[in-house]
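For reference, the structure is listed below as structure tokens.
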Amino acid sequence: MALTDTLATPPVPRAWRDVGFALGIIGILSVLFLPIPAFMIDMGLAFSIALSVLILMVALWIQRPLDFSSFPTVLLIATMLRLSLNIATTRMILSEGNEGTHAAGYVISGFSKLVMSGDFVIGLIVFLILIIVNFIVITKGATRIAEVGARFTLDAIPGKQMSIDADLSAGTIDDKTAQLRRRELEEESSFFGSMDGASKFVRGDAIAGLIITAINIVGGVAIGYFRHGMDMGEAADVFIKLSVGDGLVTQIPALIVSLAAGLLVSKGGTRGSADQAVFGQLGAYPRALYVAAMLLLLLSLMPGLPLLPFLFLAGAMAGVGYVIPQRAKRRAAEAKQAEDQKLANKEEEERNSVKASLKTAEIELLIGKQLSNKLLTAHQELAFRMAKMRKKFATQYGFVVPEVRLTDDFSIGSKSYQIKIHGTVVAEYQLRVGEVMVLLGNRPLPEIPGEEVREPAFGMRAFSVPEMFAEDLRRDNFAFADNMSVLLTHLSEVIRNNLPQLLSYKDMKALIERQDPEYRKLADDICTSHITYPGLQAVLKLLLAERVSIRNLHLIIEAIAEIAPHVRRTEQIVEHVRVRMAQQICGDLSENGVLKVLRLGNRWDLAFHQSLKRDAKGEIREFDIDPRQLEEFGQEASKQIRAHIDAGERFVIVTAPDARPYVRMIVERLFPTLPVLSHVEIARGIEIRVLGAIS
């Protein structure tokens, strides 16, 4: 057979299933009018019981009520099946009941013997109790729950529809998800509306069973006595047994289906099968189980009450109360382990993927083989000190620098390390493993075997000696540092020199989001009308380039709001911000309230002023200075600045406001960390100590 023939031929059961279903409905209706033999009645009653049990099991195991949305239709079919069988058995009882208890089939006869124990009074009492339980308890409660559920479900439809539309507008869900949720909402409203009406089927079924049984008893006794000449006692015994047996056979499936309907509508919004919902919530409180166990234990000790039942139940509840927390802890541990394993697998997959090779760490410290082995035992301390260093930067400069990735790289020198910023090597140094570095400054070399070197962070004179001489150096009041301190100091200075590159757009947005609502609104206003967010980031980067802290971001936003409507150049905005932040700048650069300054002499003030070319509006358009003057200024400035640096003094250069950016541009190439201020940036209340002049 060809493959196309196989695909073109639909399966026979699926093609004829709708026809078989229609024939089954017609068969149920036919039973209402046509007489059927006793063995067919037995088959129908057995099928009714099996169908009711199946409905109950499905109602127990579904995850949510909508998973059994066909329940109203199934309930109607099951109810109609029981009523048609009830009518068929009524016809059989009234027409052939005089032949004995087997006249209506062996199912009814067997139930009458099993439940009634040969006494129709017992059967009648049991039947009435089943009617009361089904009609008053289960059916009435399920009907009320269905009514309330339908009412509240229909009332909640507009709000749920608006919620779906809002999620769709916000981009939280896509069109396909919105359609699925709308379809689910329609199914939910239709289901609970149908359940409100379907609960009436169960209620009517119970009433019909009671009436049909009464009719069978009265009519059967009358027919047996008047038509078949039976004694009144004999007629009552036979027909009441048959009628009550018939009632029991139909009421037991009705009771099961009523229970299924009650379970379904009472499930509400609880997800999961009935056993998960019930046992999961009842067993979720071990203390409640312990209290119940204590109460049962007390009852077992009461005189007159049996000991074993209460004691057994008390032990069972206490045991369950102990087992549940242990199982919960075990499941939580397994879930955490599975989550950790999943994250580890994901990280490993990302690390080994091609995309991972495209990602570069913002700050990376690469360590050679021998240096890595030396620091291996101190890796935890190294990580702790780097975290402490990042915290210090956050406090000092107002934003959190990225984490430092620590990598062992055997391709570099075994005693060397490299510092990368955004994947580019910006600094490297070779340490002397097993030695300490003595910081000399202007002091002479110590009388200890060693070698003169340069400290990597600031380029200071240093002397490297073996670690065994550390105590001798301490006695001679020499300052020295071990390998880890040298490395971390160098790393800290490299980060400080690259702060502008480390302030990302994401970091800048996060800083603004942490401000008070008023300043967030002010930032949004100026960034939509006068300056862009990247422009604001550029202002912050220029401040960080001169090591001006942005911790007082609200003051920076205020200053930008003042000047942004009038100027466009980022450099001009930065100069205005610096003037507004003069108090903070001078406070950070002063020592004990004293700011030491080195002035530009009159000659160089005039030279820089004449080099500034202005347009018709008076704004500076270019800086044009004679290269010979520039070289001469560099020589004189280096001589003066180096003398004060070697003396260990902390100072700033002060110049005219319009020339400050250009003086800074020249000085930073010679001394990158030396601050340059203008006269207007000297805050009031700061004591000035003039060290001299570059002249």
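The values are calculated or read from the model by the stated rules, or taken from the named source; none is laboratory data. Since this is a predicted model, take the numbers as computed values, not measurements. Cβ atoms come from the backbone with ideal geometry, glycine included; neighbour counts cover every protein chain shown.
Identify, please: which residue in the range 221-246 is over 60 Å from the mean Cα position of the chain (by Cα) and of a type in the set (Gly, Ala, Ser) and is, among those, nearest to Gly110 (Cα to Cα)?
Looking at the filtered set, the residue picked out is Ser243.
Just need a number here: residues in the range 308-329 that are of a type in the set (D, E, K, R) and either more than 24 Å from the chain's Cα centre (by Cα) or farther than 19 Å from Arg287 by Cα (or both). Before the answer, list the steps.
The initial filter retains those residues of the range 308-329 that are of a type in the set (D, E, K, R), namely 327, 329.
From what is left, the residues that are either more than 24 Å from the chain's Cα centre (by Cα) or farther than 19 Å from Arg287 by Cα (or both) are 327.
Of the residues in that region, 1 qualify.
Only one of Gly685, Gly601, Gly692 is within 55 Å of the chain's Cα centre (by Cα), modelled with pLDDT under 90 and not basic (Lys, Arg). Can you tell me which?
Working: Gly601 fails: within 55 Å of the chain's Cα centre (by Cα); Gly692 fails: within 55 Å of the chain's Cα centre (by Cα).
Testing whether each residue is within 55 Å of the chain's Cα centre (by Cα), modelled with pLDDT under 90 and not basic (Lys, Arg) leaves just Gly685.
Is the range 77-87 home to any residue that is assigned by TED's automatic domain parsing to the domain that holds Lys241, modelled with pLDDT under 80 and touching a Leu at 6+ places or on another chain (Cβ under 8 Å)?
There is no residue in the range 77-87 that is assigned by TED's automatic domain parsing to the domain that holds Lys241, modelled with pLDDT under 80 and touching a Leu at 6+ places or on another chain (Cβ under 8 Å).
Identify all residues within the range 22-67 that are part of a helix (DSSP H, G or I), of a type outside the set (Phe, Trp, Tyr), closer than 22 Å to Gly247 by Cβ and over 51 Å from the mean Cα position of the chain (by Cα); write none if there are none.
Those that are part of a helix (DSSP H, G or I), of a type outside the set (Phe, Trp, Tyr), closer than 22 Å to Gly247 by Cβ and over 51 Å from the mean Cα position of the chain (by Cα): Ile28, Val31, Ala38, Met40, Ile41, Asp42, Met43, Gly44, Leu45, Ala46.
Do any helices (runs of 4 or more DSSP H) lying entirely in the range 433-535 carry at least 1 residues that are among the aromatic types (Phe, Trp, Tyr) and over 21 Å from Gly413 (Cβ atoms), and which ones are they?
Numbers: elements: 470-475, 483-497, 499-502, 505-513, 517-529.
Helices (runs of 4 or more DSSP H) meeting the threshold: 505-513, 517-529.
What about Lys388, is it within 19 Å of Arg547 (Cβ to Cβ), assigned by TED's automatic domain parsing to the domain that holds Met484 and either out of contact with any Cys (no Cβ under 8 Å at 6 or more places or on another chain) or of a type in the set (A, V, I, L, M) (or both)?
no
If Val667 satisfies every condition in (1) over 52 Å from the mean Cα position of the chain (by Cα); (2) free of Cβ contacts under 8 Å to residues at least 60 places away in the same chain but one, which is the exception?
Result: Val667 passes all but (1).
Within the range 95-111, is even one residue modelled with pLDDT of 70 or more, under 19 Å from Ile252 (Cβ atoms), in the same structural domain as Phe33 (by TED's automatic domain parsing) and polar (S, T, N, Q)?
The answer is yes, given that some residue of the range 95-111 is modelled with pLDDT of 70 or more, under 19 Å from Ile252 (Cβ atoms), in the same structural domain as Phe33 (by TED's automatic domain parsing) and polar (S, T, N, Q).
Quick one: which residue in Ala156, Ala166, Ala178 is modelled with pLDDT under 70, aliphatic (A, V, I, L, M), assigned to a helix (DSSP H, G or I) and surrounded by fewer than 17 Cβ atoms within 10 Å (Cβ to Cβ)?
On the way: Ala166 fails: modelled with pLDDT under 70; Ala178 fails: modelled with pLDDT under 70.
Unique residue meeting the criteria: Ala156.
Do you know which residues across the range 632-655 are assigned to a helix (DSSP H, G or I) and either on the phi > 0 side of the Ramachandran plot or touching a residue at least 12 places away in the same chain (Cβ under 8 Å) (or both)?
Applying the first criterion (assigned to a helix (DSSP H, G or I)) to the range 632-655 yields 632-646.
Result: Phe633, Gly634, Glu636, Ala637, Ser638, Gln640, Ile641, His644, Ile645, Asp646.
Taking the conditions exactly as written (surrounded by 20 or more Cβ atoms within 10 Å (Cβ to Cβ), farther than 22 Å from Leu54 by Cβ and at pLDDT below 75), does Gly118 satisfy them or not?
Working: surrounded by 20 or more Cβ atoms within 10 Å (Cβ to Cβ): no; farther than 22 Å from Leu54 by Cβ: yes; at pLDDT below 75: yes.
It is false that Gly118 is surrounded by 20 or more Cβ atoms within 10 Å (Cβ to Cβ), farther than 22 Å from Leu54 by Cβ and at pLDDT below 75.
When the residues of the range 313-359 are narrowed to those that are among the polar types (S, T, N, Q) and assigned to a helix (DSSP H, G or I), which ends up modelled with the lowest pLDDT? Can you show your working first?
So the first thing to find is which residues in the range 313-359 are among the polar types (S, T, N, Q), and the list is 326, 337, 341, 345, 352-353, 357.
From what's left, assigned to a helix (DSSP H, G or I): 326, 337, 341, 345, 352, 357.
Working: Gln326: 81, Gln337: 88, Gln341: 87, Asn345: 81, Asn352: 65, Ser357: 60.
Once the filter is applied, the top-ranked residue is Ser357.
Test of understanding: among Ala564, Ala582, Ala559, which residue is at pLDDT below 90, of a type outside the set (S, T, N, Q) and buried (at least 17 other Cβ atoms within 10 Å of the Cβ)? Let's see the steps before the verdict.
On the way: Ala582 fails: at pLDDT below 90; Ala559 fails: at pLDDT below 90.
Checking each option against the conditions leaves just Ala564.
Residue check: is Asp482 exposed (fewer than 14 other Cβ atoms within 10 Å of the Cβ) and in contact (Cβ under 8 Å) with a residue 24 or more places away in the chain? Before the answer, list the steps.
On the way: exposed (fewer than 14 other Cβ atoms within 10 Å of the Cβ): no; in contact (Cβ under 8 Å) with a residue 24 or more places away in the chain: yes.
Taking the combined requirement at face value, the residue does not satisfy it.
Scanning the range 1-39 for residues that are of a type in the set (D, E, K, R) and surrounded by fewer than 10 Cβ atoms within 10 Å (Cβ to Cβ), which turns out modelled with the lowest pLDDT?
Of the range 1-39, the ones of a type in the set (D, E, K, R) are 5, 14, 17-18.
When the remaining residues are screened for being surrounded by fewer than 10 Cβ atoms within 10 Å (Cβ to Cβ), the result is 5, 14, 18.
Numbers: Asp5: 42, Arg14: 57, Asp18: 73.
Only one residue tops the list, namely Asp5.
Within the range 656-666, is there a residue that is assigned to a helix (DSSP H, G or I) and loosely packed, with under 14 Cβ neighbours inside 10 Å?
First, pick out the residues of the range 656-666 that are assigned to a helix (DSSP H, G or I): 660-666.
Now drop any that are not loosely packed, with under 14 Cβ neighbours inside 10 Å, which leaves 665.
Within the range 656-666 (the criterion being assigned to a helix (DSSP H, G or I) and loosely packed, with under 14 Cβ neighbours inside 10 Å), the answer is yes, since at least one residue qualifies.
Give the range 380-426 a look and list any residue that's in contact (Cβ under 8 Å) with a residue 12 or more places away in the chain, of a type in the set (A, V, I, L, M, F, W, C) and in a helix (DSSP H, G or I), or say none.
Leu382, Ala383, Met386, Met389, Phe393
So how many residues does the range 428-452 have that are surrounded by fewer than 18 Cβ atoms within 10 Å (Cβ to Cβ) and farther than 19 Å from Phe469 by Cβ?
Counting residues in the range 428-452 that are surrounded by fewer than 18 Cβ atoms within 10 Å (Cβ to Cβ) and farther than 19 Å from Phe469 by Cβ gives 3.
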